[in-house]
1. Would it be correct to say that residue 257 is in a helix (DSSP H, G or I), within 27 Å of residue 194 (Cβ to Cβ) and of a type in the set (Val, Ile, Thr)?
2. List, please: which pairs have Cβ atoms under 8 Å, are six or more places apart or on different chains, and start with a residue in the stretch 104-132 that is in contact (Cβ under 8 Å) with a residue 60 or more places away in the chain and end with one that is exposed (fewer than 12 other Cβ atoms within 10 Å of the Cβ)?
3. Considering only the stretch 260-296, state which residues are among the hydroxyl-bearing types (Ser, Thr, Tyr) and open to solvent by 100 Å² or more (accessible area, probe 1.4 Å).
4. Return yes when residue 250 is part of a helix (DSSP H, G or I) and exposed (fewer than 11 other Cβ atoms within 10 Å of the Cβ) and no when it is not.
5. Hey, can you tell me all the residues within the stretch 147-175 that are under 30 Å from the mean Cα position of the chain (by Cα) and open to solvent by 30 Å² or more (accessible area, probe 1.4 Å)?
6. Could you say whether any residue in the stretch 80-87 is under 15 Å from the mean Cα position of the chain (by Cα) and among the small types (Gly, Ala, Ser)?
7. Just checking, how many residues over the stretch 211-222 are more than 21 Å from the chain's Cα centre (by Cα) and open to solvent by 50 Å² or more (accessible area, probe 1.4 Å)?
8. Please list, ordered by first then second residue, the pairs with beta carbon atoms under 6 Å, 6 or more apart or interchain, first in the stretch 254-271 and under 17 Å from residue 222 (Cα atoms), second surrounded by 12 or more Cβ atoms within 10 Å (Cβ to Cβ) and modelled with pLDDT under 75.
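The values are calculated or read from the model by the stated rules, or taken from the named source; none is laboratory data. Not measured: the values here are computed from a predicted model. Every residue, glycine as well, gets a Cβ built from its backbone with ideal geometry; the counts of neighbours run over all protein chains shown. Keep in mind that these areas ignore ligands, DNA and RNA; they rest on the heavy atoms of the full protein, side chains included. Shrake-Rupley method; radii C 1.70, N 1.55, O 1.52, S 1.80 Å.
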Amino acid sequence: MTFTLVVLAGALVAAGLVAVVVAVVPAAPRLEPALARAGDASHTGEGGREVGPVTSRSERLGAALYRRTPIPLSQRQRQALRLRDKSIPEFYADKAVMAIVGAALPAVLGGAAALVTGTPSPLPALAGVAGAVTGFFVPDLLLHRSAAVLRSSAVDALLLYLELVTLERLTNASAPQALQNAALVSEVPLFVQIRAALDRARLEQQAPYAELRRLAVQLSLPELADVADVMQLDETGAALSGALRARVRELRDAHLTQEQITASAEAEGMTIYMTLPALIFGLIFLVAALLKIFDA
């Protein structure tokens with residue numbers, strides 16, 4: 001038993017040293033992921049926001065982990081992070097913290113158990129490795145579970161943004177000015193993303209509609225592209241107030257319908273929990289009657 005513990009401890013120490021060397025020594029980046037990231041940064045205009053400036057130690061840790069991790073982020077994860085206005089270094093800092101917690105908790109519990117019982121066990125070390133791996137993927141699970149809520153909140157914010165744009169148009173503001181003024185009202189993530197897109201278009205001295213369509217693709221919000229299409233009608237001299245109000249009404253009705261469908265599906269899913277107590281009580285009475293029949 002002692003020899004097994006020594007071997008396991010030596011293997012863990014050697015693996016830790018190898019991991020430290022791999023993390024510290026700079027490695028040549030792989031060409032395909034580097035080109036993909038460069039392409040994403042050039043097309044989205046948000047490469048600096050995702051991996052560029054960091055302001056804290058945790059973000060520096062997250063940025064280093066992101067550059068060295070072999071598991072890339074999916075497109076849906078990037079969209080969810082943009083909807084939360086959360087940078088990739090912050091997300092990977094959360095993954096690092098959860099991995100550390102998952103690794104340390106079994107070790108602390110195992111050490112306490114060893115002090116109480118006086119018999120050390122290799123199980124806490126193995127559980128620590130499993131806890132670190134599990135903790136690393138906990139933020140991914142939480143982000144996946146919150147995707148539907150994030151999209152619903154983004155649609156709500158977009159409807160509010162359309163209302164504000166309509167009010168700006170009623171004050172005789174131009175289409176670009178109405179878009180800009182409405183985006184300055186709130187600090188919710190969608191408003192921040194729209195402001196950034198409008199600022200990029202202004203710095204490039206271009207109309208903001210192309211940037212809004214690109215942002216709609218990035219966030220998977222086709223309703224935002226519809227806003228750009230309606231606002232672009234200003235270049236033809238068309239009246240936008242009536243078109244905006246009609247589009248807001250359509251989007252709100254569609255959003256309410258989708259929310260009702262989601263609520264109905266969740267209510268139907270809860271019926272199984274409502275019927276379980278009745279089934280359990282029925283089984284209790286049925287088993288008692290069957291036992292009496294078998295005894296007779």
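1. Values: in a helix (DSSP H, G or I): yes; within 27 Å of residue 194 (Cβ to Cβ): yes; of a type in the set (Val, Ile, Thr): yes.
It is true that residue 257 is in a helix (DSSP H, G or I), within 27 Å of residue 194 (Cβ to Cβ) and of a type in the set (Val, Ile, Thr).
2. Note: pairs meeting the criteria are 122/4.
3. We begin by selecting, within the stretch 260-296, every residue among the hydroxyl-bearing types (Ser, Thr, Tyr); these are 262, 264, 271, 273, 275.
Across the stretch 260-296, the qualifying residue is only 273.
4. Values: part of a helix (DSSP H, G or I): yes; exposed (fewer than 11 other Cβ atoms within 10 Å of the Cβ): no.
So residue 250 does not fit the description; no.
5. Taking the stretch 147-175 first, the residues under 30 Å from the mean Cα position of the chain (by Cα) are 147-165.
Scanning the stretch 147-175 gives 147, 148, 149, 150, 151, 153, 156, 160, 163, 164.
6. Scanning the stretch 80-87 turns up at least one residue that is under 15 Å from the mean Cα position of the chain (by Cα) and among the small types (Gly, Ala, Ser).
7. Qualifying residue count, the stretch 211-222: 1.
8. Here the result reads none, with nothing in the stretch 254-271 linked to a residue that is surrounded by 12 or more Cβ atoms within 10 Å (Cβ to Cβ) and modelled with pLDDT under 75.
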